[in-house]
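The values are calculated or read from the model by the stated rules, or taken from the named source; none is laboratory data. Since this is a predicted model, take the numbers as computed values, not measurements. Cβ coordinates were reconstructed from backbone atoms using ideal geometry, including for glycine residues, and neighbour counts include every protein chain displayed. Keep in mind that these areas ignore ligands, DNA and RNA; they rest on the heavy atoms of the full protein, side chains included. Shrake-Rupley method; radii C 1.70, N 1.55, O 1.52, S 1.80 Å.
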Amino acid sequence: MILLAFETSCDETSVAVVRDGSVSSSLVSSQIQLHAEYGGVVPELAAREHLRNLMPVARAALREAEIHPDQLDAVAATRGPGLPSALMVGFGAAQSLAFVLGKPFLGIHHHEAHLYSPWTTGQPLRCDFDAFEPNLSLIVSGGHTLLVHVPAPLHHRVVGSTLDDAAGECFDKIGKLMGLPYPAGPEIDRLAESGDAAAFDFPRPMLREPNGDFSFSGLKTSVRYFLRDHPSLLDEPRAVQNLCASVQAAIVEVLVTKTVQTARRLGVRCVTASGGVTCNRSLRQSLATACTRNRLACRLALPDLCTDNAAMVGLLASQRLLRRAPATSFSDEILPAWTLNDTCLVA
Ligand code: KG4
Ligand code: ZN
């Protein structure tokens with residue numbers, strides 16, 4: 001089975017070809033440079049850029065996989081959640097293509113696709129469902145912070161989420177307060193490497209509450225007031241490194257502690273993580289260490305698969321087709337605020 005998948009939920013235009021469950025090609029065109037100028041993603045610009053890039057990226061993905069559109073058995077695209085205008089570009093193109101080819105179309109939930117990235121390995125990339133273990137999955141990106149219980153493939157339930165800012169948003173907003181370029185997450189990760197994480201004591205919101213929920217806006221506010229009272233620190237390179245390390249330590253400690261606590265509460269033996277913030281080296285290391293200490297298996301998505309990509313959309317779509325999930329109708333629309341629990345295949 002040969003499937004073409006599109007991902008345009010935010011600021012990455014991505015197209016992948018998945019053949020018999022393996023990724024034949026996956027191309028990502030990032031718009032980060034475009035949005036950096038504005039300090040964040042501008043939805044209207046994102047949509048226009050997707051429109052400009054989608055067909056060239058699709059053509060290149062098909063060429064790299066040596067596939068002609070006539071050979072496709074199905075087409076998939078991210079249906080939600082995401083920026084409405086951005087989602088519409090990839091979803092509309094994929095739906096039209098499937099309609100013209102007379103092939104099934106699958107609208108995929110972006111976070112459900114993230115759930116299986118940690119199981120995707122090898123060359124060519126495949127989603128190794130044979131290795132699957134019931135798990136608790138942490139999805140951390142610029143828009144979302146979720147804890148999802150995944151007892152079986154394509155069976156999931158959200159058990160925690162952020163009450164306000166997402167973890168990536170917290171990195172980005174604090175970085176902005178410090179004058180770092182957008183997106184600040186990778187820059188904070190880099191600067192924190194040479195900093196002292198114990199230099200400044202920032203709050204760890206909701207750390208001790210017995211649930212899987214997060215809140216990051218208090219941490220951001222605390223850094224804002226701290227910088228208002230100590231503005232000269234930003235002129236000292238060493239202090240900036242220490243600030244980055246201290247902020248990162250607060251975010252990572254909350255993410256790791258709550259993930260491990262929730263895994264233990266649910267009685268699962270495996271923790272997985274994906275989403276852009278899972279690129280963070282301190283998070284990767286701390287989560288792996290905490291899992292070992294608590295005798296939990298730990299599977300982190302490969303860094304290239306943490307950020308948004310169509311390969312994860314195509315891999316999930318082929319699994320859903322194999323398990324006879326219903327196709328999406330040609331009259332169905334995007335769902336920018338789609339809840340993950342609605343896509344669970346198993347009752
Ligand atoms: O999943 P993603 O590419 O896009 C969505 O938001 O859906 O995630 C982007 C987020 C941004 O907030 C970015 O700052 C953060 O992931 N990020 C990082 C790192 N790399 C990306 N945050 C901390 N450390 C990193 N190394
Ligand atoms: Zn994402």
Limited to the stretch 317-331, what total is found for residues that are closer than 15 Å to Gly102 by Cβ and hydrophobic (A, V, I, L, M, F, W, C)? 2
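For the stretch 292-321, name all the residues that are crowded, with 17+ Cβ neighbours inside 10 Å and without any contact (Cβ under 8 Å) to a residue 24 or more places away in the chain.
Selection gives nothing.
Yes or no, residue by residue, for (1) within 16 Å of ligand 2 (Cβ to nearest atom); (2) among the small types (Gly, Ala, Ser):
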{"position": "Ile108", "(1), (2)": "yes, no"}
{"position": "His111", "(1), (2)": "yes, no"}
{"position": "Ser117", "(1), (2)": "yes, yes"}
{"position": "Ile139", "(1), (2)": "yes, no"}
{"position": "Pro151", "(1), (2)": "no, no"}
{"position": "Leu180", "(1), (2)": "no, no"}
Name every residue in the stretch 269-281 that is surrounded by fewer than 20 Cβ atoms within 10 Å (Cβ to Cβ) and either in the same structural domain as Ser26 (by TED's automatic domain parsing) or closer than 20 Å to His114 by Cβ (or both), in order of residue number. Cys270, Arg281
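Just to check your reading of the model, which residue among Ala16, Ala77, Ala46, Ala94 is touching a residue at least 40 places away in the same chain (Cβ under 8 Å), under 24 Å from Cys170 (Cβ atoms) and among the small types (Gly, Ala, Ser)? Spell out the reasoning first.
On the way: Ala16 fails: under 24 Å from Cys170 (Cβ atoms); Ala77 fails: under 24 Å from Cys170 (Cβ atoms); Ala94 fails: under 24 Å from Cys170 (Cβ atoms).
The match here is Ala46.
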Only listed residue being surrounded by fewer than 22 Cβ atoms within 10 Å (Cβ to Cβ) and away from ligand 1 (no atom under 16 Å from the Cβ), chosen from His149, His156: His149
State whether the residues of the stretch 280-299 include one that is more than 17 Å from the chain's Cα centre (by Cα), at positive phi and not hydrophobic (A, V, I, L, M, F, W, C). yes
Count of residues meeting criterion [open to solvent by less than 20 Å² (accessible area, probe 1.4 Å), in a helix (DSSP H, G or I) and away from ligand 2 (no atom under 16 Å from the Cβ)] in the stretch 10-56: 2
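Can you tell me how many residues in the stretch 281-308 are within 16 Å of ligand 2 (Cβ to nearest atom) and either touching a helix residue (DSSP H, G or I) at 6+ places or on another chain (Cβ under 6 Å) or of a type outside the set (Asp, Glu) (or both)? Can you show your working first?
Start the filter on the stretch 281-308 by keeping residues that are within 16 Å of ligand 2 (Cβ to nearest atom), which leaves 283, 300-308.
Next, only the ones that are either touching a helix residue (DSSP H, G or I) at 6+ places or on another chain (Cβ under 6 Å) or of a type outside the set (Asp, Glu) (or both) stay: 283, 300-303, 305-307.
Matching residues across the stretch 281-308 total 8.
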Could you count how many residues in the stretch 179-221 are open to solvent by less than 30 Å² (accessible area, probe 1.4 Å), within 18 Å of His144 (Cβ to Cβ) and more than 16 Å from ligand 1 (Cβ to nearest atom)? 3
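Tell me, which residue of the stretch 61-74 that is in contact with a Ser or Thr (Cβ under 9 Å, 6 or more places away or on another chain) and either outside any helix (DSSP H, G or I) or open to solvent by 30 Å² or more (accessible area, probe 1.4 Å) (or both) is nearest to His155 (Cα to Cα)? So that I can check it myself, show each step before the final result.
Initially, the stretch 61-74 is screened for residues in contact with a Ser or Thr (Cβ under 9 Å, 6 or more places away or on another chain), giving 61-67, 74.
Add one more test, that the residue is either outside any helix (DSSP H, G or I) or open to solvent by 30 Å² or more (accessible area, probe 1.4 Å) (or both), and what stays is 63-64, 66-67, 74.
Details: Arg63: 34, Glu64: 33, Glu66: 34, Ile67: 32, Ala74: 22 Å.
Top of the filtered list is Ala74.
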Among the residues of the stretch 77-122, which ones are in a helix (DSSP H, G or I), within 16 Å of ligand 1 (Cβ to nearest atom) and over 19 Å from Pro56 (Cβ atoms)? Pro84, Ser85, Leu87, His110, His111, Glu112, Ala113, His114, Leu115, Tyr116, Ser117, Pro118
